[in-house]
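Attaching a single structure in structure tokens format; questions to follow.
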Protein chains: 2
Amino acid sequence: MATIRDVAKLAGVSVATVSRVINQNGYVTKDTEQKVRKVIELLHYEPNAVARGLAGKQTGTIAFILPDISNPFFPEVARAVEDVAQAHGYTVILCNSDDEGHKERSYIEVLKKKYIDGIIFASNTMGQEDMQKLYHIDDLPVVALDRAPTNQTCSVIRSKNYAGAQMAVNHLLSIGCRKIAHIYGPPQFVTARERLAGYQELVKKFPWYSPDLMVPGNFHLDGGMKAAEQLLRAHPDVDGIFAGNDLMALGALKTMSRLGIRVPEQISICGFDGIALTAVTEPELTTIAQPIYEMGATAARVLIEKIQGNDTNAQEYELEVELVERGTTRKKVT
Amino acid sequence: MATIRDVAKLAGVSVATVSRVINQNGYVTKDTEQKVRKVIELLHYEPNAVARGLAGKQTGTIAFILPDISNPFFPEVARAVEDVAQAHGYTVILCNSDDEGHKERSYIEVLKKKYIDGIIFASNTMGQEDMQKLYHIDDLPVVALDRAPTNQTCSVIRSKNYAGAQMAVNHLLSIGCRKIAHIYGPPQFVTARERLAGYQELVKKFPWYSPDLMVPGNFHLDGGMKAAEQLLRAHPDVDGIFAGNDLMALGALKTMSRLGIRVPEQISICGFDGIALTAVTEPELTTIAQPIYEMGATAARVLIEKIQGNDTNAQEYELEVELVERGTTRKKVT
DNA sequence: AACGAATATGTAACCGGTTACAGATAAAAG
DNA sequence: CTTTTATCTGTAACCGGTTACATATTCGTT
């Protein structure tokens, strides 16, 4: 592999000049530039990214720290992040944290040593102070996904969970549901809390409202299944279920199927997230779709903006959600 | 951030000695070692990975190039790769190639410039020559996933597609199916070809065998749906479907559901891969499960072996598959 | 004609490690 | 008590770029 000095020597110029040509900065005559480019071509010279990183402290690499890429919500986000990064000449490092603080921290240590340019952070457990510490210690650009907005220097990408939950409930009401339950996710997740709050605020005024219409789930398939069973045992007359995410909604759907309860005729189900899996079942799942790809893409775009110096202040990007009406909810004939 | 020279100065030794302590190579007295470690602790010194990379040409980073992380088969593989890498102190760069040669090549260019230590390559399009070229040009360790074995220096991780296909067909036969069709994946995929071959070899001896029992799919949900429709139109008496992968099997299941055909009573369906999605539907999908996680983990382990110098020769790792019997196939009562 | 500003290029230090080589000391061998 | 060998440590070159600073040349001004 040719080095910048090889190029300089053969072109009869200094390394500084070659560097200027490569980076298109500083003054270089058209003539010398041509000469240098010829030699670069000739030697198939490619600047060494590591040396560049060492000298310039920028490696063209960002990290995406997420709980678990196996969770069906994340692949699409990761894809978006990578697409945008790639388009801007960045490379993406993937880190699975399992939402464990120590893993997150250990990743961050390693990444800092590698002169990573920035981090997209999807975590439900890492406290605000940690984020702040992370950010302030060495002002590494950070963008958070799905976290409560803070007044820190870290931007946040999220979507309208509260409003989305109300869209879900309103939709169930509009098709004639008379008693709507909610399966909520782990309370330490902001998203779960917001969706629960949206549900509760809207239904508490109804005569049928009861606190035990809200049952806990774990944001996974099995949690949704169990929650649905429990729910039906306590309230056999429930005719609408709003689940805190799609996986739990699919779990509920599965339980219905097993118990021989027809969906949507007897019970309507609405999920939240809009992951691809919702199109796999029959009937397909009605859901409040987040712009998943867009969330990842926005996170990457904002991060890169930060890295490149513009947009230094924290900002919150709250994206719209959308009701995707499908087979698990249908207007009831009266 | 403290540098190795800061440590050396404060400890009253040379940088070489500090380096020896960090890397545990060369001779260092217990005394000096203690002294140096004290100072390292004191200054919170962390060796700079980029400088290390430049000097040592090893960055502790591997790349995983795959078609698309959104494809439900890959997240689990990626998770495995990352887990193993992480455990060995490596970091993983994720690259989505969409199976397009030019993207693959452009990634490889970038990655080489970044002194990546090795590559795990899951591609269906890149020719053998390309692999060879890639490998021979600068002997970068490479492990391939799901490719035909070659006599190159590149190891391959795969599973028993041919035998697995026969397991599927035998299972369908054993539960009493009389006419079994196959939905196959894109012929440019080795996996698709092998599964097709396994099916064909086994069924061609039956009187009901007919070439148009093999219909093409695209390895996606919609392809499976369309193929199933097409199939039933031509052969309404088919009572067993073996799909080349789970997504297509789920598509077929969906079609059955829409047409009001009961599964498994009227038609049994068996998929291939064993992705998590197969547990979402009701009935759950019977499938020939590959050890998906194990494949990723093996790939990572083999790659790291190669990187660390041992195991320089190409090898093929053919992993076992397993029949997971579930709701979409059931013994027929006669 | 004189002069400051803009343009063009080179020298050398620097980023922060690794490591070949050499010199010094201590232990083992003859 | 030498000589050989193993152990310990330091100096300085090197990895391959970037960039501050110095110097030289070319313009546009007055």
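The values are calculated or read from the model by the stated rules, or taken from the named source; none is laboratory data. Everything quoted here is computed from the prediction, not taken from an experiment. Positions of Cβ are backbone-derived with ideal geometry, glycine not excepted, and every protein chain shown enters the neighbour counts. These accessible areas exclude ligands, DNA and RNA; they are computed on the full protein's heavy atoms, side chains included. Shrake-Rupley method; radii C 1.70, N 1.55, O 1.52, S 1.80 Å.
Looking at B:Arg301, B:Arg326, which is the one that is in contact (Cβ under 8 Å) with a residue 24 or more places away in the chain and either in a loop (DSSP other than H, G, I, E, B) or touching an Asp or Glu at 6+ places or on another chain (Cβ under 9 Å) (or both)?
Selected residue: B:Arg326, the only one of B:Arg301, B:Arg326 that is in contact (Cβ under 8 Å) with a residue 24 or more places away in the chain and either in a loop (DSSP other than H, G, I, E, B) or touching an Asp or Glu at 6+ places or on another chain (Cβ under 9 Å) (or both).
Within region B:1-17, track down each residue that is of a type in the set (Val, Ile, Thr) and either within 8 Å of DNA strand D (Cβ to nearest atom) or in contact with an Asp or Glu (Cβ under 7 Å, 6 or more places away or on another chain) (or both).
If the condition is that a residue be of a type in the set (Val, Ile, Thr) and either within 8 Å of DNA strand D (Cβ to nearest atom) or in contact with an Asp or Glu (Cβ under 7 Å, 6 or more places away or on another chain) (or both), then B:Val13, B:Val15, B:Thr17 are the ones that fit.
Output the number of residues of region B:18-47 satisfying the condition of being within 11 Å of DNA strand D (Cβ to nearest atom) and within 43 Å of the chain's Cα centre (by Cα).
7
Additional query: Inside region B:87-115, can you point out the residues that are without any contact (Cβ under 8 Å) to a residue 24 or more places away in the chain, among the charged types (D, E, K, R) and touching a strand residue (DSSP E or B) at 6+ places or on another chain (Cβ under 9 Å)?
B:Lys103
Taking region A:87-106, which residues are under 21 Å from B:Gln58 (Cβ atoms) and at pLDDT below 95?
A:Ser106
Applying the selection to region A:227-253, what residues are part of a helix (DSSP H, G or I), buried (at least 19 other Cβ atoms within 10 Å of the Cβ) and among the charged types (D, E, K, R)?
Scanning region A:227-253 gives a single hit, A:Asp246.
Each row is one residue, and each column tells you yes or no for (1) more than 7 Å from every other protein chain (Cβ to nearest Cβ); (2) open to solvent by 20 Å² or more (accessible area, probe 1.4 Å); (3) touching a Lys or Arg at 6+ places or on another chain (Cβ under 8 Å).
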| site | (1), (2), (3) |
| --- | --- |
| A:Ala49 | no, yes, yes |
| A:Ala55 | yes, yes, no |
| A:Phe64 | yes, no, no |
| A:Asn71 | yes, yes, no |
| A:Glu76 | no, yes, no |
| A:Ala87 | yes, yes, no |
| A:Asp98 | yes, yes, no |
| A:Ser106 | yes, yes, no |
| A:Leu111 | yes, no, no |
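Considering only residues that are in contact (Cβ under 8 Å) with a residue 60 or more places away in the chain and away from DNA strand C (no atom under 16 Å from the Cβ), which ones fall in region B:36-65?
Answer for region B:36-65, where residues must be in contact (Cβ under 8 Å) with a residue 60 or more places away in the chain and away from DNA strand C (no atom under 16 Å from the Cβ): just B:Ile62.
Still on this model: Can you name the residue in region B:183-225 that is buried (at least 17 other Cβ atoms within 10 Å of the Cβ) and of a type in the set (D, E, K, R) and is also nearest to the other protein chains (Cβ to nearest Cβ) among such residues?
B:Arg195
Kindly establish whether B:Arg20 is open to solvent by 20 Å² or more (accessible area, probe 1.4 Å), within 13 Å of DNA strand C (Cβ to nearest atom), free of Cβ contacts under 8 Å to residues at least 40 places away in the same chain and within 12 Å of chain A (Cβ to nearest Cβ).
no
Still on this structure, I have one more. Just give me the residues in region A:289-309 being touching a helix residue (DSSP H, G or I) at 6+ places or on another chain (Cβ under 8 Å) and open to solvent by less than 60 Å² (accessible area, probe 1.4 Å), in sequence order.
A:Gln290, A:Ile292, A:Met295, A:Gly296, A:Ala297, A:Ala299, A:Ala300, A:Ile304
Which number in (1) assigned to a loop (DSSP other than H, G, I, E, B); (2) at pLDDT below 95; (3) touching an Asp or Glu at 6+ places or on another chain (Cβ under 8 Å) marks the one condition that B:Cys177 misses?
Of everything listed in (1) assigned to a loop (DSSP other than H, G, I, E, B); (2) at pLDDT below 95; (3) touching an Asp or Glu at 6+ places or on another chain (Cβ under 8 Å), B:Cys177 misses just condition (2).
While we're on this one: Filter region A:262-288 for residues that are more than 25 Å from B:Pro72 (Cα to Cα) and buried (at least 18 other Cβ atoms within 10 Å of the Cβ) and give the result.
Passing the criteria: A:Val263, A:Pro264, A:Ile267, A:Ser268.
Which ones in region B:48-70 are away from DNA strand D (no atom under 16 Å from the Cβ), in contact with a Ser or Thr (Cβ under 9 Å, 6 or more places away or on another chain) and aliphatic (A, V, I, L, M)?
Once the filter is applied, which keeps residues that are away from DNA strand D (no atom under 16 Å from the Cβ), in contact with a Ser or Thr (Cβ under 9 Å, 6 or more places away or on another chain) and aliphatic (A, V, I, L, M), region B:48-70 yields B:Ile62, B:Ala63, B:Ile65, B:Leu66.
Let me ask another. Just one of (1) away from every other protein chain (no Cβ under 14 Å); (2) open to solvent by 40 Å² or more (accessible area, probe 1.4 Å); (3) touching a helix residue (DSSP H, G or I) at 6+ places or on another chain (Cβ under 9 Å) trips up B:Asp31, so point out which.
(3)
OK, next. Check region A:310-320 and report whether any residue there is of a type in the set (Gly, Ala, Ser), buried (at least 18 other Cβ atoms within 10 Å of the Cβ) and part of a helix (DSSP H, G or I).
No, there is no match, as no residue in region A:310-320 is of a type in the set (Gly, Ala, Ser), buried (at least 18 other Cβ atoms within 10 Å of the Cβ) and part of a helix (DSSP H, G or I).
Okay, moving on. Regarding region A:254-261, can at least one residue be identified that is surrounded by 20 or more Cβ atoms within 10 Å (Cβ to Cβ) and touching a residue at least 40 places away in the same chain (Cβ under 8 Å)?
No, every residue in region A:254-261 fails to be surrounded by 20 or more Cβ atoms within 10 Å (Cβ to Cβ) and touching a residue at least 40 places away in the same chain (Cβ under 8 Å).
Just one of (1) assigned to a strand (DSSP E or B); (2) modelled with pLDDT under 95 trips up A:Leu140, so point out which.
The number of the failed condition is (1).
Does any residue of region A:265-282 turn out to be more than 10 Å from chain B (Cβ to nearest Cβ), among the hydroxyl-bearing types (Ser, Thr, Tyr) and not in a helix (DSSP H, G or I)?
Scanning region A:265-282 turns up at least one residue that is more than 10 Å from chain B (Cβ to nearest Cβ), among the hydroxyl-bearing types (Ser, Thr, Tyr) and not in a helix (DSSP H, G or I).
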